[in-house]
Each structure stands twice: as C-alpha cells, then as structure tokens.
1. Going by what's in this entry, would residue 32 be described as small (Gly, Ala, Ser) and loosely packed, with under 12 Cβ neighbours inside 10 Å?
2. Answer yes if at least one residue in region 33-49 is touching a residue at least 12 places away in the same chain (Cβ under 8 Å), among the hydroxyl-bearing types (Ser, Thr, Tyr) and either part of a helix (DSSP H, G or I) or in contact with a Lys or Arg (Cβ under 7 Å, 6 or more places away or on another chain) (or both), and no otherwise.
3. Any residue at all in region 72-79 that is over 29 Å from residue 14 (Cα atoms) and modelled with pLDDT under 75?
4. Would you check if there is a residue in region 8-16 being assigned to a helix (DSSP H, G or I) and without any contact (Cβ under 8 Å) to a residue 40 or more places away in the chain?
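The values are calculated or read from the model by the stated rules, or taken from the named source; none is laboratory data. All values derive from a computational prediction rather than experimental measurement. Cβ coordinates were reconstructed from backbone atoms using ideal geometry, including for glycine residues, and neighbour counts include every protein chain displayed.
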Amino acid sequence: MASGFGFNGGRSRCFTYWQEFQKCYAKADTPAECVPQKDDYIECLHHGKEIARAQQIKEHYIQHEMRRAKEQREKGELRATGGIMNLGLISGGGEENGSGDKGGEDKKQPPASAGDDKKGGSDGKEGKEGK
C-alpha cells in the first residue's frame, strides 16, 4: 500500500495520507511528533474510528427505537385496559331504552308477518288439498 499503487493501477486511496506521514517523519526530530499523521493513515487503511462511530450510532438508534416502542406499547395497553371502548354501536343511556323498544317491536313484527305469509301459503295448499 505504501508503494502508492492501487489495485487498479494509479494511486491508492490512502497514498496522500502516507505521503503526509512520510514527510512529517523525515522532518521530525522525534517520531511522537507525527502521531496525528500516522493516525490519519491508519484510519484510512482500516476505518477503525469510522466503524466504532457507526456502531455507536446504531446502538443509540436501537435504544431510541426500543424506548419509543415501549412508550407506544404502554399507551396502547392504557387505551385497551383503561375503559370500555366506544365503537359507536350503542348510544347513550336514555337512547338505549328507546332503541331497545323499537328493536323489540321490529323483531316481533317480522316473524308475525313472515308467519302470516307462511300461513297464507299453507292455507292455499290446504285449500288445494281440500278441493
């Protein structure tokens, strides 16, 4: 990699960092002076800091989503167990009695009319059989 040639020919992706490190090392009195350039070059090669930061962001995101899901679940449980849900099928207390009477009358009328039709049909059959 330090040769400067990449896989496809030309310069490698980290060659400029290598050159900076090499210039610093040639001019420096002690190798400790070139630690930032060396760190830049190593980071370019291995992406250690980038990977660590990506993992940190991912962990933070997962914790945030778990916290949000827990809050949503608690809200849903509170709604489900907090009281009777109103689906709009039953009206208020005073209207229940009125609608109950109407419902009872409606239930009584259709069977009676249905029964009358059957009797009328049976009478016709009986009349035909009697003749």
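1. yes
2. Scanning region 33-49, I find at least one residue that is touching a residue at least 12 places away in the same chain (Cβ under 8 Å), among the hydroxyl-bearing types (Ser, Thr, Tyr) and either part of a helix (DSSP H, G or I) or in contact with a Lys or Arg (Cβ under 7 Å, 6 or more places away or on another chain) (or both), so the answer is yes.
3. No, region 72-79 contains no residue that is over 29 Å from residue 14 (Cα atoms) and modelled with pLDDT under 75.
4. Among the residues of region 8-16, at least one is assigned to a helix (DSSP H, G or I) and without any contact (Cβ under 8 Å) to a residue 40 or more places away in the chain, which makes the answer yes.
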